[in-house]
């Protein structure tokens with residue numbers, strides 16, 4: 001993204017008053033504006049699901065940073081999404097305890113059921129599938145998160161149960 | 001055994017709120033400190049307790065704190081206490097339990113620790129995926145502000161402390177304390193060069209202590225009941241109790257509070273219920289994904305920092321990962337190396353390039369394309385990126401620990417993959 005493009009973007013036409021107020025609230029206990037970079041990205045993502053180029057440029061301007069610097073921050077962190085994601089993100093744990101407990105075949109079942117691999121979003125836009133470092137629930141392996149919910153003791157039956165509605169196209 | 005850290009935690013029981021926490025002796029340590037103990041008194045009690053960091057390194061907590069400039073030796077300005085709640089070590093699942101079921105214990109520990117080092121601002125840096133813990137900690141913080149345990153003039157002592165819950169945006173490397181500080185500053189989480197150490201120049205260039213959740217949870221009990229009592233809890237060389245965990249294909253995976261120095265066999269057989277039917281123990285990582293394998297010859301060792309260290313591994317987080325005889329050790333090490341290669345911050349070349357190279361070699365061996373000389377390549381990587389000093393931080397040396405010990409104990413498994421041209425386990429789990 002070019003500097004010229006960045007300057008053109010008007011912060012207040014991109015960020016909402018609510019979003020700017022939330023960023024200001026974070027800035028209250030941060031000595032430098034750029035210190036709120038990650039918080040600001042998360043605030044925007046919380047409302048919009050992901051961080052678009054346009055939003056990234058607006059945040060950078062709001063925090064007196066270059067877009068390039070903020071992009072470096074945004075792309076470092078796996079829970080900041082720089083591409084659109086589905087309504088719910090599936091964070092699938094493929095770390096060692098889940099692997100020992102058979103997560104590879106569970107992952108295959110999810111991919112077969114939803115028709116997506118890592119980094120992809122279902123056609124109905126309901127789910128995006130991503131791998132995640134060890135979720136810290138190894139005594140209940142294999143595990144994953146679906147949106148905000150931790151789902152444990154995964155096996156093929158559980159996957160079918162969870163996603164059977166999606167398989168049949170039922171949106172309820 | 002007396003339960004200390006988990007005295008409010010029982011399966012099926014509701015998480016502890018302020019009323020329940022106080023009804024069971026909660027905030028007594030805080031009251032005791034605020035009504036007559038100086039920060040120095042509190043620090044001396046913690047030093048005398050021999051508490052060692054529960055995050056993995058086992059560094060003595062009192063000594064860590066002793067490097068923070070105090071009183072007139074400190075330039076005017078903020079000091080920070082940060083709780084490292086970024087639990088992401090493969091196979092570690094103990095801090096989640098403490099935060100979800102007894103958030104006030106952690107907060108009391110943080111108030112006391114902040115008081116010890118003279119901090120006026122504190123952060124709970126918690127991984128973003130711990131949604132339930134974040135919610136419960138935030139609620140507990142509100143309860144604390146309402147009761148005057150946080151904010152101005154805590155319990156009339158004149159001491160002032162603010163506390164924030166800071167959910168992280170991800171990445172394993174944030175568990176490294178200087179990377180964590182960079183993340184808190186809104187930057188990419190590359191670890192910093194040391195010195196300066198965070199105790200002198202940490203968050204925003206100010207004195208900062210970063211302690212693990214479980215470490216901090218011990219502090220209220222040490223202040224309330226004293227160092228001698230705390231030391232008496234261990235059954236071996238080390239003081240206190242510890243949350244020990246077992247995952248893998250055992251009958252009853254879980255996490256239990258036991259005395260420091262509990263023998264590994266007791267944890268595995270009495271608490272985890274032994275191996276699942278039809279499986280034998282082949283080896284185990286005693287303290288998470290970046291510790292060296294031990295084998296059944298080590299089952300009678302005590303879970304003490306120095307005992308496990310002398311056996312060639314580390315106690316790490318105290319959460320063991322069990323390798324059974326029907327799971328491929330090459331596949332298991334490949335899974336771990338793939339994790340660490342993915343989580344490298346990319347700052348230094350040996351880690352950024354050496355780990356993917358190692359992963360590729362292991363993939364070749366696991367998938368039957370390995371050559372005998374690949375084992376020399378692995379040895380080369382172990383000696384090069386495994387040596388402290390060749391990399392910017394401890395991530396890559398930690399990644400080499402399970403690999404080097406797998407080659408030591410399970411070398412014939414690697415050789416069978418190469419000579420047979422396939423994975424002899426063929427467990428269906430793939431790699």
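The values are calculated or read from the model by the stated rules, or taken from the named source; none is laboratory data. Owing to the predicted nature of the structure, the values given are computational and were not obtained by experimental measurement. Here the Cβ positions follow ideal geometry from the backbone for every residue, glycine too, while neighbour counts run over all protein chains shown.
Candidates B:359, B:416: the one that is closer than 22 Å to residue B:283 by Cα, free of Cβ contacts under 8 Å to residues at least 12 places away in the same chain and not assigned by TED's automatic domain parsing to the domain that holds residue B:176 is B:416.
For (1) under 26 Å from residue B:180 (Cβ atoms); (2) touching a residue at least 24 places away in the same chain (Cβ under 8 Å), each residue gets a yes or a no:
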| position | (1), (2) |
| --- | --- |
| A:14 | no, yes |
| A:28 | yes, no |
| A:34 | yes, yes |
| A:39 | yes, no |
| A:59 | yes, yes |
| A:64 | yes, yes |
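Considering only region B:70-80, how many residues are on the phi < 0 side of the Ramachandran plot and at pLDDT below 95?
Going through region B:70-80 one residue at a time, the tally reaches 6.
For residue B:416, the stated conditions hold: it is over 23 Å from residue B:180 (Cβ atoms) and in a helix (DSSP H, G or I).
May I ask you to verify whether residue B:99 is assigned by TED's automatic domain parsing to the domain that holds residue B:220, without any contact (Cβ under 8 Å) to a residue 24 or more places away in the chain and either over 17 Å from residue B:176 (Cα atoms) or touching a strand residue (DSSP E or B) at 6+ places or on another chain (Cβ under 7 Å) (or both)?
Against the criterion (assigned by TED's automatic domain parsing to the domain that holds residue B:220, without any contact (Cβ under 8 Å) to a residue 24 or more places away in the chain and either over 17 Å from residue B:176 (Cα atoms) or touching a strand residue (DSSP E or B) at 6+ places or on another chain (Cβ under 7 Å) (or both)), residue B:99 does not qualify.
Filtered by the rule that a residue be crowded, with 24+ Cβ neighbours inside 10 Å and within 14 Å of residue B:242 (Cα to Cα), region B:283-304 gives B:286, B:287, B:303. Taking region B:402-426 as the range and being over 30 Å from residue B:55 (Cα atoms), crowded, with 16+ Cβ neighbours inside 10 Å and within 14 Å of chain A (Cβ to nearest Cβ) as the test, the residues that pass are B:423, B:425. Checked against the criterion of being more than 14 Å from chain A (Cβ to nearest Cβ), over 16 Å from the mean Cα position of the chain (by Cα), closer than 30 Å to residue A:97 by Cα and buried (at least 20 other Cβ atoms within 10 Å of the Cβ), region B:71-92 has no qualifying residue.
This table checks each residue for (1) assigned to a helix (DSSP H, G or I); (2) within 13 Å of chain A (Cβ to nearest Cβ).
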residue: B:336; (1), (2): yes, yes
residue: B:377; (1), (2): yes, no
residue: B:380; (1), (2): yes, no
residue: B:393; (1), (2): no, no
residue: B:400; (1), (2): yes, no
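Where helices (runs of 4 or more DSSP H) fall entirely within region A:59-137, those with at least 1 residues that are within 21 Å of residue A:39 (Cα to Cα) are at A:67-74. When region A:138-151 is limited to residues that are more than 9 Å from chain B (Cβ to nearest Cβ) and assigned to a strand (DSSP E or B), the one that is nearest to residue A:86 (Cα to Cα) turns out to be A:146. Which is surrounded by fewer than 24 Cβ atoms within 10 Å (Cβ to Cβ), outside any helix (DSSP H, G or I) and out of contact with any helix residue (DSSP H, G or I) (no Cβ under 8 Å at 6 or more places or on another chain), of B:196, B:191? The conditions single out B:196. Comparison of B:173, B:222 shows that the only residue that is within 13 Å of chain A (Cβ to nearest Cβ) and surrounded by 23 or more Cβ atoms within 10 Å (Cβ to Cβ) is B:173.
Selection of first residues in region B:181-206 that are within 14 Å of chain A (Cβ to nearest Cβ) and free of Cβ contacts under 8 Å to residues at least 40 places away in the same chain and of second residues that are buried (at least 16 other Cβ atoms within 10 Å of the Cβ) and assigned to a loop (DSSP other than H, G, I, E, B), restricted to Cβ pairs under 6 Å at least 6 apart or on distinct chains, gives the following pairs, ordered by first then second residue: B:182/B:189. You will find that of B:33, B:14, the residue that is over 28 Å from residue B:266 (Cβ atoms) and surrounded by fewer than 16 Cβ atoms within 10 Å (Cβ to Cβ) is B:14 and no other.
If residue B:148 passes every condition in (1) within 14 Å of chain A (Cβ to nearest Cβ); (2) surrounded by fewer than 21 Cβ atoms within 10 Å (Cβ to Cβ); (3) closer than 15 Å to residue B:107 by Cα but one, which one does it miss? Going through the list (1) within 14 Å of chain A (Cβ to nearest Cβ); (2) surrounded by fewer than 21 Cβ atoms within 10 Å (Cβ to Cβ); (3) closer than 15 Å to residue B:107 by Cα, residue B:148 breaks only (1). As a summary of the residue check, residue B:276 satisfies the conditions (1) outside the structural domain of residue B:33 (by TED's automatic domain parsing); (2) under 26 Å from residue B:3 (Cα atoms); (3) surrounded by fewer than 24 Cβ atoms within 10 Å (Cβ to Cβ); (4) touching a residue at least 12 places away in the same chain (Cβ under 8 Å) except for the one numbered (2). Only a single item in (1) within 7 Å of chain B (Cβ to nearest Cβ); (2) within 17 Å of residue B:127 (Cβ to Cβ); (3) surrounded by fewer than 20 Cβ atoms within 10 Å (Cβ to Cβ) is not met by residue A:34, and it is number (2).
Has region B:42-61 got any residue that is closer than 20 Å to residue B:213 by Cβ, at pLDDT below 95, within 14 Å of chain A (Cβ to nearest Cβ) and within 22 Å of the chain's Cα centre (by Cα)? Yes. Filter region A:76-100 for residues that are surrounded by fewer than 24 Cβ atoms within 10 Å (Cβ to Cβ) and facing another protein chain (nearest Cβ under 7 Å) and give the result. Matches in region A:76-100: A:76, A:77, A:78, A:79, A:80, A:91.
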